[in-house]
């Protein structure tokens, strides 16, 4: 379903892409709220790629209502075209929206950014030229994401239980960081610094620090984190490919993995308030 309208005084209308399958679904209310503001909307079909739809549009402002993986794909196009991006929290976790300071419980409120929004420049990370907004994870968490997706596609009601059981027996991942061998249950490369607890990642205080942060979790219960910061990084392994979670989405990446930070590369529009 697509609805189009032009905002007064703009040569190209803004475009909001909506993934109806994100979060809890039920996108009609969000589409109606966007149409009431004169925002062109496009509900993605199951076989449509958000990045390609954004790339072929004539929009002057791009918006994405979906999970962090969909946001990253549209963010890459926004950078290519030099356009601002509006983030509408509409996925399951919405970590990027949280770190921007948006209310994850009220996606319609984020639509205010299309009309007189405040522009903010933030960093993005790249792994082998692919944009990521949050982080790239290797090891046990990446295994969990891949198993969850595999069972979800098979519509397995016990997907999470079986994924967690498989992860519990996961061995340490052996890789090299800039040529230095590392063994850890989780290796995570983040776009800017996270606040860490023993068992989880917290929030990011900044999105414009201009640094990647690399975390390696050690111990059976991830009892410690080794951390370093850098502007670029190479990760390699004995295999030619590594299973990864890129902004929470399962991917298989060709090695070596070349990471770099692009400071203030992305124009983000936020509600004026």
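Quick note: the coordinates plus some simple rules give every number you see, no bench work behind them. Model, not experiment: these values are computed from the prediction. Every residue, glycine as well, gets a Cβ built from its backbone with ideal geometry; the counts of neighbours run over all protein chains shown.
Return the percentage of antiparallel bridges among DSSP beta bridges fully within region 2-116, rounded to the nearest 5 %.
Taking every DSSP beta bridge with both residues in region 2-116, the antiparallel ones total about 15 percent.
How far is it, in nm, from the label point at residue 121 to the one at residue 264 when both lie 7 Å from their Cα along the line to the Cβ?
0.3 nm
Describe numerically, in nm with one decimal, the distance between label points set 7 Å from Cα along Cα→Cβ at residue 93 and at residue 195.
Each label point is offset 7 Å from its Cα along the Cβ direction, giving 1.8 nm.
Estimate the FRET efficiency between residue 205 and residue 109 by the formula 1/(1 + (r/R0)^6), using the beta-carbon distance for r and 22 Å for R0, to the nearest 0.05.
On the way: r = 22 Å, r/R0 = 1.01.
Taking R0 as 22 Å, the efficiency between residue 205 and residue 109 is 0.50.
In what sequence do 114, 132 fall when counting other Cβ within 10 Å, fewest first?
Lowest count first: 114, 132.
May I ask you to compute the full-extension gain from residue 52 to residue 128, defined as 0.36 nm times their residue separation minus their alpha-carbon distance, rounded to one decimal in nm?
Value of the extension gain: 25.5 nm.
Kirkwood Rh over Cα pairs of region 2-116 into Stokes-Einstein at 20 °C, 1.002 mPa s: D in µm²/s?
The diffusion coefficient I find is 156 µm²/s.
Computed FRET efficiency, Cβ-Cβ of residue 36 and residue 80, R0 30 Å: what is it to the nearest 0.05?
Between residue 36 and residue 80 the formula returns 0.50.
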